[in-house]
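Quick notes on the structure that follows.
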Amino acid sequence: MPALFLSIFLVMGSFAILLPSVMYVLANMGVSPSMSTPVLAGYSVAQFLAGPFWGRISDRHGRRPVLLVTLFGCAASYLAMALFAHSVVGVFTCFAVAGLFSGNSAVVYAAVTDLTGRENRARGMGFMGAGIGLAFTLGPALGAWLGGDHVADATLHAPALASAAASAIGLLVVGLSFRESLDRSGEQPDGTVGRIDAFRRIGTSPALTQMALMMLIFTIALAMMEPIMPLLTRDRFGWGPREMGQVFAYIGFVLVLVQGGLVGRLVKRFGEQALVRAGLVSMLFGLLALTFDTQKAGIFIGLTLTSIGGALFNTAMLALASHRATSGDRGLVMGAFQSMQSLGRSAGPLVTGYFYQIMHTLPLLAGAAGMALLIGWFLVLARKVALEDEETAA
């Protein structure tokens, strides 16, 4: 488990290092907000395409070899970004290639399900979530220091080199300390591999289908908030890369606190469904705080609530989905849900820049509307799933 924690921490940290400066670099290239957010979305689009593929390959050939290949690919793509990404096309291409290999988070979560029982599943997922939170604490802090002091001198060169080094360290960690977690004596997957197979598997279960759609809508709302934060804080307070590094580090601190220390205890006391509901409510009020409280304190109140909401919802929903997967298709199911997250991170930025140009708070209001929809939807779904589980047990 420690090797998996370090793996996901370094993969996500490699991406997080670039966040404080990338939007400013694109702005300095003359890219408008409506175009810069789709450039960043290239990373998530590629994750969407690759996640189920890597998950299914790991179901067939093991988690360890897939992690080794993808970590090597991450390191190579960030090195290429440092050396060749001097244009919008170069930045987009390197982000997209990095996203293809970063789809390995589905493999990490599948390995967690291999190593944990049903009662400890959410705790294991939360442990991985804490790794992501820590990545978004330390990564942006390092990226802000390397990315330039002001908007005008923002750069991706040094941050991308640091990202390549982080991925290379992850490769060494997995190569030296991770033993294969997949038990090949149980159910074996069939020979098909790919995103279509993942969604076909999800489609066999109405509950999983609805959970996956909820994951998509939630992630779209989150993805409409995150890319505009550098622009919103620049326009409201005149902040630059250094300040945004502090903002992302604060978000990561909250994620570590919630997913690393609280999720496991909360699940045991209240259950996963309660955490999903709490996450949706927290996200709703956080988006509203970011929309209507224009003071600096309001930014951190809103970010605290949205970070808590994201930590609770994502961890609990992934755990709920894993309970409905068999030992032979955990990688496929986790890949499908990771793919939903990646699709949401792709779709959100595609429209959020355009929304931002219409009205700065429109992406936040749209996300809040999505949360209100999900709260009602999940209440209906939870009741239906509980009845199905009771019938199955009987």
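Bear in mind these aren't lab numbers, they're just calculated from the coordinates by the rules spelled out. Being a predicted model, the structure only gives us computed values, none of them experimental. With ideal geometry, Cβ positions are generated from the backbone for all residues, glycine too; neighbour counts draw on all protein chains shown.
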Efficiency of FRET between Phe84 and Arg383 - r from beta-carbon atoms, R0 41 angstrom, step 0.05
0.15
Relative contact order as a percentage, segment 1-158, C-alpha pairs under 8 Å and 6+ apart, gives 44
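At a Förster distance of 35 Å, what's the computed FRET efficiency of Phe237 paired with Arg179, Cβ-Cβ distance as r, to 0.05?
Details: r = 49 Å, r/R0 = 1.39.
Once the sixth-power term is evaluated, E becomes 0.10.
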For the chain, the Debye formula with one identical point scatterer on each Cα and no solvent gives log10 I(q)/I(0) at q = 0.10, 0.12, 0.15 Å⁻¹ as -0.59, -0.87, -1.40
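When only Cα pairs under 8 Å and 6 or more residues apart are kept, what is the percent relative contact order across the chain? Walk me through the numbers on the way to the answer.
Numbers: 740 pairs, mean separation 117.0, N = 394.
Value for the chain: 30 percent.
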Restricting the calculation to Cα positions, tell me the Rg (one decimal) and the Dmax (whole number) of segment 1-132 in Å.
15.9, 52
Classified through the alpha carbon gyration tensor (a ≥ b ≥ c as square roots of its eigenvalues; rounded if a/c is under 1.5, else prolate when a/b is larger than b/c, else oblate), segment 242-301 comes out oblate
Can you compute 3J(HN,Hα) from phi for each residue in segment 76-88, using the Karplus curve 6.51 cos²θ - 1.76 cosθ + 1.60 with θ = phi - 60°, rounded to whole Hz and x for Gly and Pro?
5, 5, 6, 5, 4, 4, 5, 8, 10, 7, 10, 9, 4
Which FRET efficiency, nearest 0.05, do Asp153 and Phe72 yield, Cβ-Cβ r, R0 22 Å?
0.10
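Per residue of the chain, what 222 nm ellipticity follows from adding -39500 (n - 2.57) for every DSSP H run with n ≥ 4, rounded to the nearest 500?
On the way: 17 runs with 320 residues, N = 394.
Per the formula, -27500 deg cm²/dmol.
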Most to least packed among 142-153, 97-108, 54-65 [average Cβ atoms within 10 Å]:
97-108, 54-65, 142-153
Which of Met29, Val351, Ile8, positive extreme of dipole for the chain (C-beta unit charges):
Ile8
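For segment 233-335, go through all pairs of different Cα atoms, get the mean of 1/r, take its inverse, and jot down that Kirkwood value in Å. Don't skip to the end; give the middle numbers.
Numbers: mean 1/r = 0.0665 Å⁻¹.
The answer is 15.0 Å.
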